[in-house]
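Working notes, beginning with the structure itself.
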Amino acid sequence: MKISLEIFPPKKAEAQVKLLEAVRALPAETLLAVSTGLGKAYAPTDFIEQLIKTHKNIMLNIAGSRTEPEEVMKQLQHYKTLGINKLLILRGDQRQEGPRPEKAFGFAAELVTTVKQTFSNDFYISVAGYPEDLSDLHYLKHKVDCGADQIITQYFFDAAVYPSFVTRCRDAGIQVPIIPGVMPLHDIETIGALANRQGVSVPDKTKEQYATKPEKFLDDHIKQLRDYGAPAVHVFTMNQLNLTVLMSQV
């Protein structure tokens, strides 16, 4: 089963070195999704370029809500010259400190459209979907109509959410591949608090499984998603999971 691993560049040099070591141990075919930090106070360009040299199969996460369009396109052109051809386009967090640039992209669909107009099909574009948010489907369809090639979902803990979401998408005319997002259970209380803020439910059976066999949750969850027809999975690693151990479990 294909897998992508989402990481974020650490701020501390020591943590960056450890993460690069873990990345070097990954199979070449593993897709690594990395936040660029565009529009944020911390945009670790040098570290991202180190990652690109270390692991060739990279997808960059781009959020346009905090950045001028010209800067986004400039950065994408630069990353294109480095061999990047996959993007995960997001709207970005609207709650960050500081004023929002006047010309910044208000919605992910706007950024998808601009990337397609500027680069044609040079980038394979993924966008985010929210399986437990019934109000999201209209916006998701719009992002696909603007040129998105694939959907990567928010993580969820009940595997049965996936086929239901796929059915709703197909009924709405969305035909692109849909990749489920998964979150390893590092700490059930921490994950529960994070999920609550992001509108993700944590079923009682998930809590029970974590209490008895936490190490089996990810393995069982991915197997269930595979049985439901998922073509791949996208793992939100939170930089807290040994990536090589994760790969041995899938």
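The values are calculated or read from the model by the stated rules, or taken from the named source; none is laboratory data. Bear in mind the structure is a predicted one, so any value in this text is a computation, not a measurement. FYI the Cβ positions are ideal-geometry reconstructions off the backbone, even for glycines, and counts take in every protein chain you see.
What the table below lists for this structure:
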{"read-out": "Qualifying residue in the stretch 152-166 (condition: closer than 29 Å to Asp204 by Cα, of a type in the set (Asp, Glu) and in contact with a helix residue (DSSP H, G or I) (Cβ under 8 Å, 6 or more places away or on another chain))", "value": "yes"}
{"read-out": "Filter result for Gly129 (modelled with pLDDT under 90 and under 21 Å from Glu6 (Cα atoms))", "value": "no"}
{"read-out": "Gly39 vs. criteria touching an Asp or Glu at 6+ places or on another chain (Cβ under 9 Å), under 21 Å from Val115 (Cβ atoms), at pLDDT below 90 and part of a loop (DSSP other than H, G, I, E, B)", "value": "yes"}
{"read-out": "All positions within the stretch 60-85 that are buried (at least 18 other Cβ atoms within 10 Å of the Cβ) and not in a helix (DSSP H, G or I)", "value": "Leu60, Asn61, Ile62, Ala63, Gly64, Ser65, Arg66, Thr67, Ile84"}
{"read-out": "Helices (runs of 4 or more DSSP H) enclosed by the stretch 124-219 - at least 2 residues per element that are under 18 Å from the mean Cα position of the chain (by Cα) and on the phi < 0 side of the Ramachandran plot", "value": "137-145, 161-171, 188-197"}
{"read-out": "Selection count where residues are closer than 26 Å to Leu20 by Cβ and either touching a Cys at 6+ places or on another chain (Cβ under 9 Å) or among the hydroxyl-bearing types (Ser, Thr, Tyr) (or both), scope the stretch 50-66", "value": "1"}
{"read-out": "Members of the stretch 1-36 that are out of contact with any strand residue (DSSP E or B) (no Cβ under 9 Å at 6 or more places or on another chain) and in a strand (DSSP E or B)", "value": "none"}
{"read-out": "Check on Ser164, under 23 Å from Lys2 (Cβ atoms), among the small types (Gly, Ala, Ser), in contact (Cβ under 8 Å) with a residue 12 or more places away in the chain and surrounded by fewer than 15 Cβ atoms within 10 Å (Cβ to Cβ)", "value": "yes"}
{"read-out": "Pick from the stretch 90-123, criterion surrounded by 11 or more Cβ atoms within 10 Å (Cβ to Cβ), assigned to a loop (DSSP other than H, G, I, E, B) and of a type in the set (Gly, Ala, Ser), ranking: modelled with the highest pLDDT", "value": "Gly106"}
